[in-house]
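**Student:** Structure provided below as structure tokens; questions to follow.
Bear in mind these aren't lab numbers, they're just calculated from the coordinates by the rules spelled out. Values in this document were obtained by computation on a predicted structure and should not be read as measured data. Cβ coordinates were reconstructed from backbone atoms using ideal geometry, including for glycine residues, and neighbour counts include every protein chain displayed.
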Amino acid sequence: MSKFDEKIDLILEALFTGADEEEIQRRDAIAPEIMLQDWVEEFLKRKDITKNSDGSYDVHGNVDIDDHGFIRIPIKFRKVDGNFFCDWNRLTNLNNCPIEVGGGFFCSVNLLTSLKGCPKKCSDFNCSSNPTLMDRDLRYGPQIIVQGGANTLLDYYCSRCNLTSLAGAPEEVNTFKCSGNSLTSLKGAPKKINEDFICIENSEGDFTEEDVLAVSTVENNIKVRS
């Protein structure tokens, strides 16, 4: 367990021990903000960060705010050399996210209404399980998936995002997964897929391999049925 996780456990214990139901509900509402402030304090102690003139930060490593229950990105980022994890929170927007990420950008399982604010360049991307997206397409997602570190996958996952269109997807990826959406067409999918194309459980009906090959060149597997 990290020092940050230990602090969170102590905060939660202090918040909830001995409180009645009404007090627990009140404290539960403020707990994410308390945890967010604590995360910021720990972040500012890092030796691999640089503060820019506009108040944003560059990070020469990873940023991990995964599974903290945050409702917002706590600090304005500009460039992150490593991975950026903000999965499993309660984010409704991507304000303060970095412009460029050297590794992967992971924002799955949130309450996002738009991908606006995503980095324009990263090495892997996963926005799956954001069924609250109102854009209904990928226009605000990263446009370029580029080689990053040694563990780079160059994958793009956008499953279960309430999508009706793949417009805005990058031109080339390794694996592309867009399952569990409401697509009526595969138009807009990456033109070149170096590994696998996966699109199953589409609410508007299954696609065929021919549908996929009409819009993309796929080097390995095509999966369009469960």
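**Student:** Can you list the HN-Hα couplings for region 31-42, worked out from phi with the Karplus curve (6.51, -1.76, 1.60; θ = phi - 60°), rounded to whole Hz and with x for Gly and Pro?
**Tutor:** Along region 31-42, the couplings run 4, x, 5, 5, 5, 4, 5, 5, 4, 4, 4, 5 Hz.
**Student:** Another question about this same structure. Check Val146: other-chain or 5+ apart residues with amide H under 5 Å from its amide H, H built from backbone geometry?
**Tutor:** Placed amide hydrogens put Cys122, Ser123 under 5 Å from Val146.
**Student:** Also, I was wondering about something else. What are the ³J(HN,Hα) values, in whole Hz, obtained from phi via the Karplus relation 6.51 cos²θ - 1.76 cosθ + 1.60 with θ = phi - 60°, for each residue of region 114-124 in sequence order, with x given for Gly and Pro?
**Tutor:** So the J values, rounded to whole Hz, are 7, 8, 4, x, 4, x, 7, 9, 7, 9, 9.
**Student:** Strictly over 20 Å apart at the Cα level, which of Lys116/Lys192; Lys116/Lys191; Lys51/Lys116; Lys79/Lys120; Lys120/Lys191 would you flag in this model?
**Tutor:** Working: Lys116/Lys192 24 Å; Lys116/Lys191 23 Å; Lys51/Lys116 23 Å; Lys79/Lys120 11 Å; Lys120/Lys191 18 Å.
Violating the 20 Å Cα-Cα cut-off are Lys116/Lys192; Lys116/Lys191; Lys51/Lys116.
**Student:** Would you please give the residues with an amide H less than 5 Å from that of Arg160, counting only those at least 5 places away or on a separate chain, with H modeled from the backbone geometry?
**Tutor:** Hits under the 5 Å cutoff: Ser129, Ser179, Gly180, Asn181.
**Student:** Of (1) -0.33, -0.42, -0.69, -0.97; (2) -0.63, -0.71, -0.91, -1.10; (3) -0.44, -0.54, -0.84, -1.09, which is the value of log10 I(q)/I(0) by the Debye sum over Cα atoms at q = 0.08, 0.09, 0.12, 0.15 Å⁻¹ derived from the coordinates here?
**Tutor:** The value computed from this structure is option (1).
**Student:** So for the chain: antiparallel DSSP bridges make up what percent, rounded to the nearest 5? Don't skip to the end; give the middle numbers.
**Tutor:** Details: 3 of 30 bridges.
Bridges in the chain that DSSP calls antiparallel: roughly 10 percent.
**Student:** Which value, in debye to the nearest 20, gives the size of the charge dipole of the chain about its Cα centre, when Lys and Arg are +1 and Asp and Glu are -1 at the Cβ? Could you put the intermediate results ahead of the total?
**Tutor:** Details: 25 positive and 37 negative charges, 185 e Å.
Computed charge dipole of the chain: roughly 900 debye.
**Student:** Calculated FRET efficiency, Glu195 and Thr17, Cβ-Cβ r, R0 41 Å, to nearest 0.05? Could the numbers behind the result be given before it?
**Tutor:** Details: r = 50 Å, r/R0 = 1.22.
FRET efficiency, Glu195 to Thr17: 0.25.
**Student:** Now for a different question. Leaving out same-chain residues fewer than 8 places away, which aspartates and glutamates sit with a Cα under 15 Å from that of Lys187?
**Tutor:** Answer for Lys187, where 15 Å is the Cα cut-off: Asp137, Glu171, Glu172, Glu204, Asp206, Glu209, Glu210, Asp211, listed by chain and number.
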